[in-house]
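These notes are about the structure you will find just below.
The values are calculated or read from the model by the stated rules, or taken from the named source; none is laboratory data. Since the model is a prediction, treat every value here as computed from it, not as a measurement. Cβ placement follows ideal geometry from the backbone for every residue including glycine, while neighbour counts extend to all protein chains displayed. For the accessible areas, the whole protein counts, side chains as well, though only heavy atoms, and no ligand, DNA or RNA atoms are used. Shrake-Rupley method; radii C 1.70, N 1.55, O 1.52, S 1.80 Å.
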Amino acid sequence: MADTTLFELVSPERLVISKDVRMVVVPGVEGLFGVLPRHTAMLSTLVPGVIDVYEEDVVSEKWFVVNGFAEVTEERCTVLAEEVIPLDELDPEHLENKIARLREEASAAAGSDADKLNASIAEQEVILLAMQKAKQS
């Protein structure tokens, strides 16, 4: 019996990680879930949050992911994320500035353009809150 599982983290640009790990904790839409060796097969949508990678029973890496999904099988956990950021490179201030610019554009826009900008603002605010929470932990 294997005491590790293959973890693969993929962004649109590249394969970020591919290695055997003890456990992975992933931010699923229904809450955090841990993946251990021989896990039951499942699919989950992701929410913005932190993936904790465990090696030797301690967290060895932390990655912030933005949306996507995870596929879990008995042998592996594959996470496909829209964006992957090493936790120590998170910059919530940059996102706050982006949201401020979007708000300015939305106040000057009308009709469907304003609706699209407001929807984008709401999505970016969810990501910002997750980033701020990740930086505090």
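Points worth noting:
- Count of residues meeting criterion [open to solvent by 20 Å² or more (accessible area, probe 1.4 Å), within 25 Å of Glu89 (Cβ to Cβ) and within 15 Å of the chain's Cα centre (by Cα)] in the stretch 15-30: 4
- Candidate set: the stretch 3-14, residues that are open to solvent by less than 30 Å² (accessible area, probe 1.4 Å) and of a type outside the set (A, V, I, L, M); chosen: the one nearest to Glu61 (Cα to Cα): Phe7
- Among the residues of the stretch 31-56, those identified as open to solvent by 20 Å² or more (accessible area, probe 1.4 Å), hydrophobic (A, V, I, L, M, F, W, C) and out of contact with any Gly (no Cβ under 8 Å at 6 or more places or on another chain) are Phe33, Leu36, Ala41, Met42, Leu43, Val50.
- Selection from the stretch 1-30 of residues that are free of Cβ contacts under 8 Å to residues at least 12 places away in the same chain and assigned to a loop (DSSP other than H, G, I, E, B): Glu13, Arg14
- Filter pass, Leu95 being in contact (Cβ under 8 Å) with a residue 40 or more places away in the chain and under 17 Å from the mean Cα position of the chain (by Cα): no
- Summed over the stretch 63-98, residues that are open to solvent by 80 Å² or more (accessible area, probe 1.4 Å) and farther than 21 Å from Glu125 by Cα total 4.
- A residue that is within 19 Å of the chain's Cα centre (by Cα) and among the charged types (D, E, K, R) cannot be found anywhere in the stretch 33-44.
- Qualifying residue in the stretch 104-119 (condition: of a type outside the set (Ser, Thr, Tyr) and within 30 Å of Gly34 (Cβ to Cβ)): no
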